[in-house]
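**Q** This is the structure I want to talk about, given as structure tokens.
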Amino acid sequence: MSGSLLWWRAPTKRRYTMDHQQEYDDVLRARFTKWLDTVIYRAKLKYLRKTETKLDTVSLEELPERILPVYEDDLRQIDSMDAFAFEEERLADAFANLPIKRQRILTMLFVEERKPEEIAKELNCSPQHVYDQRYHALKKLRTELMEEGDGR
């Protein structure tokens with residue numbers, strides 16, 4: 001009886017070790033495939049960096065007039081736009097991103113030239129709250145304009 005039990009157990013042990021070997025091979029194959037994918041990806045990047053062509057830049061003055069026709073009206077229009085207009089537009093966009101209450105406080109302080117005490121009475125708050133809101137609004141405007149200035 002014990003001999004027959006060994007005979008039945010032997011194939012299961014063999015099957016058990018073969019299953020583990022198959023799992024091991026699958027894990028090894030997956031790791032190798034991942035490694036190979038990484039190597040190929042890095043080789044592609046290296047090749048692209050190596051063969052990347054740098055674009056030559058040419059100033060507008062160096063271009064012949066037949067390639068780039070000069071339109072005097074367009075040039076005059078560009079000259080009339082100054083840096084102040086762009087800065088004003090950036091400031092208006094940043095101001096529009098502020099909460100309404102802070103917009104009102106800044107408008108009353110700087111456009112209407114009202115005192116913080118007057119604004120506090122109208123908004124039913126303390127003058128210190130007006131100062132705090134002004135501080136936070138100006139801080140936010142500064143950070144937004146500095147971020148946009150770095151990006152341009």
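The values are calculated or read from the model by the stated rules, or taken from the named source; none is laboratory data. In this text, all values refer to a predicted model and were calculated from it rather than measured experimentally. Heads up, the Cβs are rebuilt from the backbone with ideal geometry, glycines too, and the neighbour counts pull from every protein chain shown.
**Q** Pairs please, first residue from segment 115-127 and surrounded by 15 or more Cβ atoms within 10 Å (Cβ to Cβ), second anywhere and of a type outside the set (Phe, Trp, Tyr) and not in a helix (DSSP H, G or I), Cβ atoms under 8 Å, 6+ apart in sequence or on different chains.
**A** These pairs meet every condition: 120/126.
**Q** How do the helices (runs of 4 or more DSSP H) wholly within segment 68-152 filter down when requiring 3 or more residues that are modelled with pLDDT under 90 and of a type in the set (Gly, Ala, Ser): which remain?
**A** The qualifying helices (runs of 4 or more DSSP H) are 83-96.
**Q** Among the residues in segment 21-28, are any under 20 Å from residue 141 (Cα atoms) and at pLDDT below 80? First the steps, then the outcome.
**A** Of all residues in segment 21-28, those under 20 Å from residue 141 (Cα atoms) come to none.
Checked segment 21-28: no residue is under 20 Å from residue 141 (Cα atoms) and at pLDDT below 80.
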